[in-house]
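A quick write-up on the structure given underneath.
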Amino acid sequence: MTANLITLLVLLPVALAAVLAMTGRRAPGLSRGISLAGVAVLLVVSVGLLLGGQGDTPQVIELGSWAAPFGIVWVFDRLSGLMVVLTSIIAMLSLLYAVRRDEDSAGPHFHALFQAQLFGLNGAFLTGDLFNLFVFFEVLLLASYGLLLHGNGRKRTRAGFHYVVVNLIGSTLFLFAVGALYGTVGSLNLADITLKLPQIAPDAVPIVTTAIFLLFTVFLIKGAAFPLYLWLPGAYGYASIPVAALFAIMTKVGLYSVLRVDSVMLSGNTIGGLVETTALIAPWLLWLGLITLLLAALGVVAGRTLRRQVAYLIVASVGTILIALGLVTGSERELAISGALYYWIHTTVLSAGFFLLAGLLMRHRPEAGDGIEAAPPMPHAVLVGSLFFAYAIAMAGLPPLTGFFGKVMILAAAVESPLMAPIFAVVLISGLIMVIALARTGSRLFYQSQATPGHPAHSTPRDARTPMPGLALSIAPLAIATVMVVGAQPLSDWLETTAVQITTPSGYLEAVMPDGILLPETAPGKFGQDYPDYEGGKH
Amino acid sequence: MTNLAISLLIGVLTGAGVYLVLRAQTFPVVLGLTLMSYGVNLFLFTMGRLHTAAPAVVGATEQSADPLPQALVLTAIVIAFAMTAFVIVLALKARAALGNDHVDGTHIPQADRVIDRRREPRA
């Protein structure tokens, strides 16, 4: 039953995408209903599975009942469960917004693409096989290309072309990495590769090391880390509002892959007994995270529309999470990962909400849109301004909202690090820069809202009763953030248990490969005897 | 010898692809992406090692080829094909929407300027 429910998380969206591709043009109302019902089911099932404790030990789904290294496996543990829940929450928010604001009717296939995107996202979070991960990346990217161009627009087309080309190059690199790993290690299953890594021939060690670095380069392209984040502000800054909100989870796919592959495959492992892999990638993550965070903070200052600023805030959050993932010193790693996960939930939900708020602004400031410039006063300026204020302090990491707690947890884990000084300096200074930038934005948007030359004070009739559909949807993420603050203790306890599960990969390996050796260092050399007839890629 | 030829071919395809992707017009970029995908497909295929007269059936001959890279390369070809079709449509759309085929949509090619000047009425 559990296995069926986990499979449902991936299969329901793809089935709905097929149905919606047929109904999208003929029955728009029905399509909306189907799409919303599908996301609601995903939300209920994923939350139910996670709260039901299904991820406490990794649940393995063997597709076609083929045992682990031979068939593709999907693994549902706390990390992937959390990611699927986050995806469902974001999807629910942006879908409700699209329906409420009638943004889905700009093209006939919005809902089909939306469900295809969810299919790719959930699949990428659940799979335990590198080539399957590649395929799900392609599924979610192809759907995202369609969604990004939803509703047309010249700038959107241009940004879309950059986004597509960058991601196609990333896919090519991914294939090179996967091919090189298969050619040398002889497997594509993440757990199987982990077990076989210490036993590869010494002459293959440089190839495997290169392949691993290539793999992480690809993940960092998807995750938008320096110097590969330049595609993101354009793509997110010009996408339509519900699409931009959904894309808040897209960079997290890259970060999830970094965390998953690093914790399972590299931690405590060696390549051919020659290269220690525990700290192979982590220092790079740390330094790239620091640079990303600093440059993204400057990007927030330079952004001239609110959407572009939010896009840079997403890049900044990627930097912050990378810093946390780059901390590898002993028990601090668990603290760092649980802090990173807290920050992860916070930034995903709130940046989606921030995009929805930018959508409200755009609709009610027809002269300036979300441009950071003075415009005639908008209806409900006090309410929208207060919401902006709440989002700004949360995203910049000021107390009392979630961004502050996430950063405190990450900084607390960094105290023991030899790089404590640069980490503290960069995190705090970039936080200050973002506060200044958002304060400037807020004062331009809400205080200088007088008539400007060329713009009459009241070009359109406005009063306080102007309806604002979708207002509740930009309040909902703040409510989630408030719950995260009030329930910070139980939530961070839960996340710490999750972090322990992530940092002890033996549980994952045992679940996927029950007949393989438990840990490479406990019984080296035993692996080949378990499958005497299987030669892998070694010819 | 075959190994060397195949490796050189992968290198040339990928190198040409990288060069073309760095061009400023959309058509060479699309061609470059295609060449890169050819390069990587060939690379994936050779990851099963090169054999002659070795079908991917265990027991049919003394040495059997690894079928998995062949399956991978089929998947990769299908995906690359779909992506190429999509990028071509997108490039055409960008050409129509932006009025030129520069990747940033901002460049006015020199040739067009010359033509425009000829069309201007001479004072």
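The values are calculated or read from the model by the stated rules, or taken from the named source; none is laboratory data. Quantities reported herein were computed from a predicted structural model and do not represent experimental measurements. Because the Cβ atoms are built from the backbone with ideal geometry, glycine has one as well, and the counts that use them run over all protein chains shown.
Has the stretch A:147-154 got any residue that is in contact with a Leu (Cβ under 8 Å, 6 or more places away or on another chain), in a helix (DSSP H, G or I) and more than 9 Å from every other protein chain (Cβ to nearest Cβ)?
Restricting attention to the stretch A:147-154, the residues satisfying the condition of being in contact with a Leu (Cβ under 8 Å, 6 or more places away or on another chain) are A:147, A:149-150, A:154.
With in a helix (DSSP H, G or I) added as a condition, the list becomes A:147, A:154.
Imposing the further condition that a residue be more than 9 Å from every other protein chain (Cβ to nearest Cβ) reduces the set to A:147.
Scanning the stretch A:147-154, I find at least one residue that is in contact with a Leu (Cβ under 8 Å, 6 or more places away or on another chain), in a helix (DSSP H, G or I) and more than 9 Å from every other protein chain (Cβ to nearest Cβ), so the answer is yes.
Please go through the stretch B:27-82 and pick out each residue that is among the hydroxyl-bearing types (S, T, Y), surrounded by 13 or more Cβ atoms within 10 Å (Cβ to Cβ) and more than 7 Å from chain A (Cβ to nearest Cβ).
B:T34, B:Y38, B:T46, B:S64
Of the conditions (1) crowded, with 23+ Cβ neighbours inside 10 Å; (2) under 22 Å from A:F110 (Cβ atoms); (3) within 13 Å of chain B (Cβ to nearest Cβ), A:L142 clears all except one; give me its number.
Checking A:L142 against (1) crowded, with 23+ Cβ neighbours inside 10 Å; (2) under 22 Å from A:F110 (Cβ atoms); (3) within 13 Å of chain B (Cβ to nearest Cβ), the one that fails is (1).
Let me confirm something: among A:V318, A:V408, A:V384, which residue is crowded, with 24+ Cβ neighbours inside 10 Å, assigned to a helix (DSSP H, G or I), modelled with pLDDT of 85 or more and not aromatic (F, W, Y)? Steps first, please.
Details: A:V408 fails: crowded, with 24+ Cβ neighbours inside 10 Å; A:V384 fails: crowded, with 24+ Cβ neighbours inside 10 Å.
After applying the criteria, what remains is A:V318.
Suppose we filter the stretch A:13-36 for residues that are surrounded by fewer than 16 Cβ atoms within 10 Å (Cβ to Cβ) and basic (K, R); how many remain?
Total meeting the criteria: 2.
Evaluate the stretch B:92-99: report whether one residue or more is in contact (Cβ under 8 Å) with a residue 60 or more places away in the chain, facing chain A (nearest Cβ under 7 Å) and assigned to a helix (DSSP H, G or I). Before the answer, list the steps.
If we filter the stretch B:92-99 for residues that are in contact (Cβ under 8 Å) with a residue 60 or more places away in the chain, which is where we start, we get B:94-95.
Narrowing the set further to residues that are facing chain A (nearest Cβ under 7 Å) leaves B:94.
Filter once more, keeping what is assigned to a helix (DSSP H, G or I): B:94.
Yes, the stretch B:92-99 contains at least one residue that is in contact (Cβ under 8 Å) with a residue 60 or more places away in the chain, facing chain A (nearest Cβ under 7 Å) and assigned to a helix (DSSP H, G or I).
Anything in the stretch A:279-306 that is surrounded by fewer than 23 Cβ atoms within 10 Å (Cβ to Cβ) and more than 23 Å from A:F216 (Cβ to Cβ)? List them, or say none.
The answer is A:L298, A:V301, A:A302, A:G303, A:R304, A:T305.
Report whether or not A:S105 is small (G, A, S), in contact with a Phe, Trp or Tyr (Cβ under 8 Å, 6 or more places away or on another chain) and assigned to a helix (DSSP H, G or I).
On the way: small (G, A, S): yes; in contact with a Phe, Trp or Tyr (Cβ under 8 Å, 6 or more places away or on another chain): no; assigned to a helix (DSSP H, G or I): yes.
Here the answer is no, as A:S105 does not meet what is asked.
What residue, of A:G170, A:G160, is assigned to a helix (DSSP H, G or I) and within 7 Å of chain B (Cβ to nearest Cβ)? Show your work before the answer.
On the way: A:G170 fails: within 7 Å of chain B (Cβ to nearest Cβ).
Step by step, each of A:G170, A:G160 is checked, and only A:G160 is assigned to a helix (DSSP H, G or I) and within 7 Å of chain B (Cβ to nearest Cβ).
Which residue, of A:V205, A:V218, is farther than 18 Å from B:L33 by Cα and either of a type in the set (A, V, I, L, M) or modelled with pLDDT of 95 or more (or both)? Steps first, please.
On the way: A:V218 fails: farther than 18 Å from B:L33 by Cα.
Result of the check over A:V205, A:V218: A:V205.
Only one residue in A:L228, A:L232, A:L197 is touching a helix residue (DSSP H, G or I) at 6+ places or on another chain (Cβ under 9 Å), at negative phi and part of a loop (DSSP other than H, G, I, E, B). Which one?
Numbers: A:L232 fails: part of a loop (DSSP other than H, G, I, E, B); A:L197 fails: part of a loop (DSSP other than H, G, I, E, B).
The unique qualifying residue is A:L228.
Does A:G183 satisfy the criteria of being small (G, A, S), closer than 30 Å to A:D77 by Cα and away from every other protein chain (no Cβ under 14 Å)? Steps first, please.
Working: small (G, A, S): yes; closer than 30 Å to A:D77 by Cα: yes; away from every other protein chain (no Cβ under 14 Å): no.
In short, no.
Residues of the stretch A:355-381 being closer than 14 Å to A:Q309 by Cβ and either touching a Leu at 6+ places or on another chain (Cβ under 7 Å) or in a loop (DSSP other than H, G, I, E, B) (or both), which ones?
A:L357, A:A358, A:L361, A:G369, A:D370, A:I372, A:E373
If we scan the stretch A:191-207, do we find a residue that is within 13 Å of chain B (Cβ to nearest Cβ), closer than 28 Å to A:F114 by Cβ and either touching a Cys at 6+ places or on another chain (Cβ under 6 Å) or in contact (Cβ under 8 Å) with a residue 40 or more places away in the chain (or both)? Full working, then the answer.
Here is the first cut: in the stretch A:191-207, the ones within 13 Å of chain B (Cβ to nearest Cβ) are A:192, A:204, A:207.
Next, from what is left, pick out any that are closer than 28 Å to A:F114 by Cβ: none.
There is no residue in the stretch A:191-207 that is within 13 Å of chain B (Cβ to nearest Cβ), closer than 28 Å to A:F114 by Cβ and either touching a Cys at 6+ places or on another chain (Cβ under 6 Å) or in contact (Cβ under 8 Å) with a residue 40 or more places away in the chain (or both).
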